[in-house]
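Undergrad: The following block contains the structure, expressed as structure tokens.
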Amino acid sequence: MRPPLRTVLMASLLAAPLQCLAAPGTGPVMQVTDGGYLDAPGVSVMLYDDNYSPIFFDQKDAAMQIILHGHRIATNGSVRLSPTPEQWDPIPHLIAHQADKAHERLTATVAYPAYHLHYHVVVAAEPGGVRVSVNLDAPLPPSLVGRAGFNLELLPSRYVDKAYAIDDRTFGVFPRSPEERMTVVPPGPGEPKSLWYVQQWHQAKRYTQPLPFATGKSMKLAVNDPLDRISVTSETGPLLLYDGRNEAQNGWYVLRTLIPAGRTSGAVVWHIRPGYIPNWTRPPMIAHSQAGYAADFPKAAVIELDPRFEAPPTAAVLRLADDGTYHEVFAGPVSTPRRWLRYDYAKFDFSSVRQPGLYVIQYAGRRTGVFRIARDVYGNTCQTTLNG
């Protein structure tokens with residue numbers, strides 16, 4: 001018999017602090033890199049390294065983004081005009097962005113020209129994480145009061161079924177399925193006209209928007225998972241946690257704070273503390289041809305490495321026998337790792353392996369998926385891209 005969900009949740013919350021966490025008062029010390037983003041062991045914060053697409057606005061790859069323990073957990077951190085923006089909702093226009101190494105901070109100057117809204121997002125390193133602030137050039141136009149807020153979208157596949165804690169006294173679990181708690185928000189007076197098909201869509205769904213499923217001044221997310229754990233505290237308005245899947249199938253969880261009327265400097269201020277696992281390094285990723293290799297052709301794999309990882313100098317190729325066992329058939333050196341953007345890359349050449357069969361590459365305790373070596377390995381490769 002399975003224990004009640006509440007029992008499982010409370011047990012996980014009580015156990016969480018014991019799972020490979022640093023001592024109280026410690027945390028990542030973030031610095032601006034040559035690449036123009038904030039970085040510390042296990043966590044990176046980027047600000048407008050990527051921008052919103054001018055055609056498909058909701059591509060989940062823009063504004064402020066957080067990469068934690070090798071996974072992108074959050075994106076689209078900027079001012080938005082609805083709790084869970086959809087594909088055709090207005091997007092902010094990037095004017096400029098700057099990385100300031102002297103003060104360990106990132107700044108983006110952004111605007112909604114049609115709404116007469118100009119603002120700056122500042123992400124600055126502070127002990128244990130970052131301080132995020134939104135500073136407006138002028139108070140919000142009346143039409144945007146109660147609508148404009150700072151949003152940060154959280155990847156559902158990282159957080160679904162994981163625990164959250166609100167103000168250290170209320171607990172919950174990220175919903176697996178959207179719960180469809182909605183409200184109605186018709187267009188405000190003086191709001192710029194949308195494209196005709198966008199107007200039709202909003203009319204057809206009767207101007208519904210999701211309601212938050214959690215609210216508080218401080219939230220700890222993925223309390224029971226140290227790899228994805230992150231805490232956010234708001235100095236200004238309350239944090240509102242939404243499920244964007246109520247609005248659209250490609251919706252994410254959204255953390256949001258509304259911008260108050262009349263406020264300019266520090267209109268929204270958050271303190272973000274990512275989970276900290278001392279000495280964490282990202283495991284190697286071995287990239288190989290999934291189609292396989294022709295027996296007499298050159299064969300190589302590329303190994304992507306965390307720059308902090310102590311990379312072994314050799315890798316091996318193992319052959320899969322028909323009884324399910326693996327046997328090493330080749331071991332050889334990997335090239336000297338070379339940096340490109342965020343990671344180091346090394347090459348492993350195993351061209352001398354020619355016998356047809358099924359193989360894996362093994363490196364630093366990790367194995368790839370199975371691939372073929374055969375003379376006709378590319379014979380039907382095109383079939384994987386055809387339908388029917």
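Undergrad: Six or more apart or on different chains, Cβ atoms under 9 Å: show the pairs whose first residue is in segment 312-336 and within 17 Å of Ser351 (Cβ to Cβ) and whose second is modelled with pLDDT under 95 and open to solvent by less than 50 Å² (accessible area, probe 1.4 Å).
TA: Filtered contacts from segment 312-336: Val334/Ala311.
Undergrad: Quick check, is Leu227 under 20 Å from the mean Cα position of the chain (by Cα) and either buried (at least 21 other Cβ atoms within 10 Å of the Cβ) or hydroxyl-bearing (Ser, Thr, Tyr) (or both)?
TA: no
Undergrad: Among the residues of segment 369-387, are any within 30 Å of Leu38 (Cβ to Cβ) and small (Gly, Ala, Ser)?
TA: Taking every residue of segment 369-387 in turn, none turns out to be within 30 Å of Leu38 (Cβ to Cβ) and small (Gly, Ala, Ser).
Undergrad: OK, next. Go through (1) assigned to a loop (DSSP other than H, G, I, E, B); (2) under 30 Å from Leu152 (Cα atoms); (3) touching a Phe, Trp or Tyr at 6+ places or on another chain (Cβ under 7 Å) one by one and return the number of the condition Glu304 breaks.
TA: Answer for Glu304: the failing condition is (1).
Undergrad: Tell me the residue from Gln199, Gln209 that is free of Cβ contacts under 8 Å to residues at least 24 places away in the same chain and among the polar types (S, T, N, Q), please.
TA: On the way: Gln209 fails: free of Cβ contacts under 8 Å to residues at least 24 places away in the same chain.
The conditions single out Gln199.
Undergrad: Which members of segment 307-349 meet the condition of being within 21 Å of Ser44 (Cβ to Cβ), part of a loop (DSSP other than H, G, I, E, B), modelled with pLDDT of 95 or more and open to solvent by less than 50 Å² (accessible area, probe 1.4 Å)?
TA: Within segment 307-349, none qualify.
Undergrad: On the given criteria, is Asp61 more than 18 Å from the chain's Cα centre (by Cα), open to solvent by 20 Å² or more (accessible area, probe 1.4 Å) and among the charged types (D, E, K, R)? Even if it seems obvious, please write down each step before you answer.
TA: Values: more than 18 Å from the chain's Cα centre (by Cα): no; open to solvent by 20 Å² or more (accessible area, probe 1.4 Å): yes; among the charged types (D, E, K, R): yes.
The answer is no for Asp61.
Undergrad: List the number of the failed condition for Lys217; all other conditions in (1) modelled with pLDDT of 90 or more; (2) buried (at least 19 other Cβ atoms within 10 Å of the Cβ) hold.
TA: (2)
Undergrad: Could you count how many residues in segment 353-370 are open to solvent by less than 70 Å² (accessible area, probe 1.4 Å), farther than 19 Å from Gly324 by Cα and either acidic (Asp, Glu) or part of a loop (DSSP other than H, G, I, E, B) (or both)?
TA: 2
The values are calculated or read from the model by the stated rules, or taken from the named source; none is laboratory data. The structure presented is a predicted model; accordingly, all values stated were derived computationally and were not measured. When we count neighbours, we look across all protein chains shown, and the Cβ atoms used for this are built from the backbone with ideal geometry, even at glycine. What goes into the accessible areas is simple: the full protein's heavy atoms, side chains included, and nothing from ligands, DNA or RNA. Shrake-Rupley method; radii C 1.70, N 1.55, O 1.52, S 1.80 Å.
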